[in-house]
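Reviewing the structure listed below.
The values are calculated or read from the model by the stated rules, or taken from the named source; none is laboratory data. Only a predicted model underlies this, so the values are computations on that prediction, with no experimental measurement involved. Here Cβ is always computed from backbone atoms with ideal geometry, including for glycine, and neighbour counts include all displayed protein chains. Surface accessibility is based on the protein's heavy atoms, side chains included, excluding ligands, DNA and RNA. Shrake-Rupley method; radii C 1.70, N 1.55, O 1.52, S 1.80 Å.
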Amino acid sequence: MWNRNDMKMRTIYWIKKKGYTIKFIAEELGVDRSTFNRWDNGEVEPGFWKIYNLSKRLGVSIEDLIDNRK
């Protein structure tokens, strides 16, 4: 289980690993491209449904998208 207070995302890593562009995935999710940097840097927390939709689109688990290692 992950703690929202400690959440850091790994969205850009998985987008590139799966061979997509940030622009393409941003359009698919209806978010700005800069949003992924803000998620990964912990500046903004995405809502559950954004995380869920991104995980399904990339074919990875939600846990894979969230890096809560310290």
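So the values come out like this:
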| read-out | value |
| --- | --- |
| Selected residue [among the aliphatic types (A, V, I, L, M) and open to solvent by 40 Å² or more (accessible area, probe 1.4 Å)] from I51, I22 | I22 |
| Test result for W39, in a helix (DSSP H, G or I) and in contact with an Asp or Glu (Cβ under 8 Å, 6 or more places away or on another chain) | yes |
| Conditions (1) of a type outside the set (D, E); (2) in a helix (DSSP H, G or I); (3) at pLDDT 90 or above: number failed by I12 | (3) |
| Residue identified as acidic (D, E) and assigned to a helix (DSSP H, G or I) among D64, D32 | D64 |
